[in-house]
Amino acid sequence: MRKNIILYYLLLLLLVMGSFAAMALNSYGILLMSYVALGFGLVFLFELVLLLPKEEEMTKFYKVSLAMELVALSGLCLLYFLHGISVEIQYDSLLKIVLFALLFGVNGYHLIRAWHYAKATPLKVKGSIVLYFVAILLYIASYYLPENRAWIAISLALACQAVFVVFGWWKGWVILNGEETSAWKKVIQFRNKSGIQLIFFTLASLYFLLNAAHLLPPLYNGSLPNGYVKVVNQWQQDKTNTDPIEFEQAYKKFLEGK
């Protein structure tokens, strides 16, 4: 299941390109991000149906946990794709809550399993692994919080992630049973999708924080600038402000270079 790593990196690159395009007021940005989500969803389904059953070294219970993780990730990706191409889904919010809850539970199990799996390692390695999974759990938990509280969970997740990186790179290597190992190496051996989750949640959370601080613009989704809604609201309150129709015509002329 590690053979798709290059494909993951390519999809992540396209995801970043799509987000920058959307921030630059290009209407294809959200569409590109939607098809990237579809790509992730199909890859996860491919691993679930064709690759996971062939894994012989895993216990049945661990296979089930990985299957649940792949189902949750593919479901979230496919929901995002349908939302990006403006397809209405009944009970969309409820489905997201269920899938995020499933993802939270699976990562909680991975955390418990990682603690026992690394019980023979020094505390700095075990602690680093715990911080790694706690960061993921905090990112997922931020989804359930209101926006004015979500930044607290995201900030704590970033702090846990930073400590994990520092200890993994600076003081993480130890000799265990004659073999050099580290928290990074232990995490890779779990063979789950926590790494992909961590990268995605980090990018999404950093964008959320920077956008909330007005350091990055909102993602553009439509034929008119994000400020168009503000113009309409101002016009409804005070007719002396810019007429939305005139604004729309002027913007189209600007795009046409007139």
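The values are calculated or read from the model by the stated rules, or taken from the named source; none is laboratory data. This is a predicted model, so every value here is computed, not measured. All Cβ positions, even for glycine, are placed from backbone atoms using ideal geometry, and neighbour counts span all protein chains on display.
Which of the residues that make up segment 49-101 are farther than 14 Å from ASN192 by Cα, among the acidic types (Asp, Glu) and surrounded by 11 or more Cβ atoms within 10 Å (Cβ to Cβ)?
Within segment 49-101, just ASP92 meets the criteria.
Each row is one residue, and each column tells you yes or no for (1) among the hydrophobic types (A, V, I, L, M, F, W, C); (2) at pLDDT 65 or above; (3) surrounded by 12 or more Cβ atoms within 10 Å (Cβ to Cβ).
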site	(1), (2), (3)
LYS171	no, no, yes
GLU179	no, yes, no
ALA183	yes, yes, yes
LYS193	no, yes, yes
SER205	no, yes, yes
HIS214	no, yes, no
GLN249	no, yes, no
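Would you mind stating whether SER19 is polar (S, T, N, Q), buried (at least 16 other Cβ atoms within 10 Å of the Cβ) and either at pLDDT 95 or above or touching an Asp or Glu at 6+ places or on another chain (Cβ under 9 Å) (or both)?
no
Would you mind telling me which numbered condition in (1) basic (Lys, Arg); (2) exposed (fewer than 13 other Cβ atoms within 10 Å of the Cβ); (3) closer than 22 Å to VAL43 by Cα LYS119 fails?
(3)
Return only the number of the condition from (1) within 21 Å of the chain's Cα centre (by Cα); (2) of a type outside the set (D, E, K, R); (3) outside any helix (DSSP H, G or I) that LEU42 does not satisfy.
Here LEU42 clears every test but (3).
Restricting the search to segment 68-106, which residues are within 18 Å of ILE188 (Cα to Cα) and in contact with a Leu (Cβ under 6 Å, 6 or more places away or on another chain)?
Hit for segment 68-106 is LEU70, nothing else.
Out of TYR62, TYR9, which single residue is within 14 Å of the chain's Cα centre (by Cα) and at pLDDT below 95?
On inspection, the qualifying residue turns out to be TYR9.
Which residue pairs have Cβ atoms under 7 Å apart, sit 6 or more places apart or on different chains, and have a first residue in segment 192-204 that is over 18 Å from ILE112 (Cβ atoms) and a second that is surrounded by fewer than 18 Cβ atoms within 10 Å (Cβ to Cβ) and of a type in the set (A, V, I, L, M, F, W, C)?
ILE199/LEU12
From the list TYR8, TYR28, pick out the single residue that is in contact (Cβ under 8 Å) with a residue 60 or more places away in the chain and aromatic (Phe, Trp, Tyr).
On inspection, the qualifying residue turns out to be TYR8.
Any idea which of (1) in contact (Cβ under 8 Å) with a residue 60 or more places away in the chain; (2) of a type outside the set (A, V, I, L, M); (3) in contact with a helix residue (DSSP H, G or I) (Cβ under 7 Å, 6 or more places away or on another chain) is the one GLY108 doesn't satisfy?
If we test GLY108 against (1) in contact (Cβ under 8 Å) with a residue 60 or more places away in the chain; (2) of a type outside the set (A, V, I, L, M); (3) in contact with a helix residue (DSSP H, G or I) (Cβ under 7 Å, 6 or more places away or on another chain), just (1) comes out false.
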